[in-house]
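The next block holds one structure in the form of structure tokens; read it before the comments.
A short reminder: the numbers here are calculations on the coordinates, not readings from a lab. Predicted model, so just to flag it, every value in this text is computed and none were measured. Virtual Cβ from ideal backbone geometry, glycine too; neighbours counted across all protein chains shown.
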Amino acid sequence: MAKLVWSEDFSVGVAKLDEDHKNILRLINTLVDLGEVSSSSEEIGDALTAMTNYANRHFEREEAHLRSIGFPDIERHAREHMVFGETTAVDFCLQVLDGGGGIPERVLAYLRHWWVDHILENETWRTRSSSRTKAKEAIIAAASSSRCRPKSL
């Protein structure tokens, strides 16, 4: 599976949140690397846990920022974060540990799609541009080798 590559089209215009998003993409790319080589369930579980823990810290920062700017749909946005945490921390970690090694392709596809949607589709607090739309379409096309899509709320 192709790795996610940061583009300025991902920028939300808040330096700390952009840096968080870059780090999360790096952590997902670590999982992609582990999926391409023979890795133990423990290595994969550790990487998935690191990504989930970092994402949870990011969600706290992002929600605080959104509250500070009076974001009108903060409760829905926070629920998206909660569902992501439950899916990755519980469902995926258990799948990896029970799977005897390797990362299911659907796990990587879910992570890729969820983060692309999360970063690029939150139009309420950033300006939508045609270049952002094109970037999203290109990223989704590259990641769509699997049938896994994030859950809609």
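Annotations
- With neighbours defined as other Cβ atoms within 10 Å of a residue's Cβ, the residues Leu31, Leu25 order from fewest to most as Leu25, Leu31.
- Spin-label model distance (nm) - Asn53 vs Asn23, 7 Å beyond Cα toward Cβ: 1.2 nm
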